[in-house]
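**Student:** Have a look at this one.
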Amino acid sequence: MTATETEPVTTDDVVLEAEGLTKHFPVRRGVRTLFTRERRAVHAVDDLRLTLRRGRVTALVGESGSGKSTVARLLAQLYPRTSGDIRLHGKTVTVHGGRKFRAYCRQVQMIFQDPFASLNPVHTVRYHLTRALKIHGRAGKTSAELEDNLNQLLLRVQLTPPERYLDKFPHELSGGQRQRVSIARALGADPEVLLADEPVSMLDVSIRLGVLNLLRDLKERLNLAILYITHDIASARYFADETMVMYAGRLVEGGDSETVTQHPAHPYTRLLIESAPDPDRLDRVGDLKDAPEDEAGGEPPSLIVPPSGCRFHPRCIHAMPKCSTELPPRFELSPRSELAVIAGKSDHWAACWLYEEGAAK
Ligand SMILES: Nc1ncnc2c1ncn2[C@@H]1O[C@H](COP(=O)(O)OP(=O)(O)OP(=O)(O)O)[C@@H](O)[C@H]1O
């Protein structure tokens, strides 16, 4: 096994890429640090590499505070980045509001966790969708065309018949229907990328699957690239083609979802899976049964002074001396998925010293 090299992805399917993406939020000075030179910051995202492809869902999984929402906001250009590159169709994009921002939003749309908060309670569905269509120049020339476009949007998110929903206010809809309206509003831009930040976590369990199925249907019919942010790794297996696992601001494992969820390599991914039992799990038992990954217990670390080396090392039962001093690179793992075997390469990697050649596992 070797550490993967950073090679630019050249496939036509790649829509949005991040390379070395970093976001540090400065911390306001307290009385103790007022007269020192020390500048403190929350290291929310560090050196993140991510690729979103047409017609694919990529899940970004991690516990609360690991930096997932910050990644989505950086990709949506809602936050300026500290460093790193964001490329849309291979071209670096940095926008600070205005016309450039609107042009970017036309291609990259975001769906938020709480549809009630993201819809204005004093306006109807018709208002929200008309506004989105007008902003993105897709309202049509006549009122009949506008009406037709509004109906199309609601049909796309399976709110049928559309006339039943168009003049409703957000409070007259269920949580699932509100999230469908948010998705319809995002589709009003006719985007290529959807950044979905915990899109179902505030919905009743019984309707989550319906909304995820809708997103999957849209991915297939509209060939969308979707970033699915979640703390629920079991849903990533069901819904996402690829899964990336994030811990304390850094990606620690990635690969096709089946492999990452059924054969997790990084001790943190194993811990996540152990704490979210999946009755369907196939053959995970072997190596995991005897390895209670959170034996060391503990909490996620401070992101103001993150642990040196691997950020998971203070909680890791496999930690070696090197783990606390040296940052592990991405190590490619042996291929397990059929696709990877056919392609003759592995798409599964883990940033963990356990996978360095010669390391005792
Ligand atoms: N605007 C901000 N200013 C300062 N710190 C921030 C800001 N936004 C996020 N953070 C910090 O950055 C870290 C990552 O936060 P983020 O919201 O991205 O995590 P998350 O994985 O999405 O968590 P959750 O699932 O709870 O939303 C946290 O420590 C958070 O406190």
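The values are calculated or read from the model by the stated rules, or taken from the named source; none is laboratory data. Not measured: the values here are computed from a predicted model. Cβ sites come from the backbone with ideal geometry, for glycine too, and all protein chains shown count toward neighbours. Remember, those area values only see protein heavy atoms, side chains included, never the ligands or the DNA or RNA. Shrake-Rupley method; radii C 1.70, N 1.55, O 1.52, S 1.80 Å.
**Student:** Residue 305: accessible area at probe 1.4 Å, nearest 10 Å²?
**Tutor:** Using a 1.4 Å probe on the heavy atoms, I get roughly 110 Å².
**Student:** Please calculate the 1.4 Å probe accessible area of residue 331, with all protein chains present, and give it to the nearest 10 Å².
**Tutor:** Accessible surface of residue 331 is approximately 10 Å².
**Student:** In this model, which of 23/219; 23/168; 68/91 are farther than 31 Å apart at the alpha-carbon? If you can, show how the numbers build up before the last one.
**Tutor:** Numbers: 23/219 29 Å; 23/168 39 Å; 68/91 23 Å.
In this structure, 23/168 lie more than 31 Å apart at Cα.
**Student:** Roll a 1.4 Å probe over the protein heavy atoms and report the accessible area of residue 247 in Å², nearest 10.
**Tutor:** So the heavy atoms of residue 247 present about 10 Å² to solvent.
**Student:** What is the set of long-range amide H partners of residue 352 at a cut-off below 5 Å, with H atoms built 1.01 Å from backbone N?
**Tutor:** It is 331, by chain and number.
**Student:** Same structure, new question: Hey, can you find the accessible area per residue of the stretch 189-281 for me, probe 1.4 Å, expressed in square angstrom?
**Tutor:** 32 Å²
**Student:** Keeping all protein chains in place and using 1.4 angstrom, which order do 110, 320, 246, 202 fall into by accessible surface area, from largest down?
**Tutor:** 202, 320, 110, 246
**Student:** Leaving ligands and nucleic acids out of the surface, order 330, 164 by accessible area at 1.4 Å, largest first.
**Tutor:** So, going from the largest accessible area down, we get 164, 330.
**Student:** Another question about this same structure. For the stretch 67-226, which whole-number percentage of the solvent-accessible area (1.4 Å probe, protein heavy atoms only) is attributable to carbon and sulfur atoms?
**Tutor:** Solvent-exposed carbon and sulfur of the stretch 67-226 make up 49 percent of the total.
**Student:** A further question follows. Residue 123: net charge of surrounding residues, Cβ under 14 Å, Lys/Arg +1, Asp/Glu -1, itself excluded?
**Tutor:** It works out to a net charge of +4.
**Student:** So what are the ³J(HN,Hα) numbers for the stretch 46-57, from phi and the Karplus equation (6.51, -1.76, 1.60; θ = phi - 60°), rounded to whole Hz, Gly and Pro as x?
**Tutor:** Listing the rounded values in order: 10, 6, 8, 10, 8, 10, 10, 10, 3, x, 10, 9 Hz.
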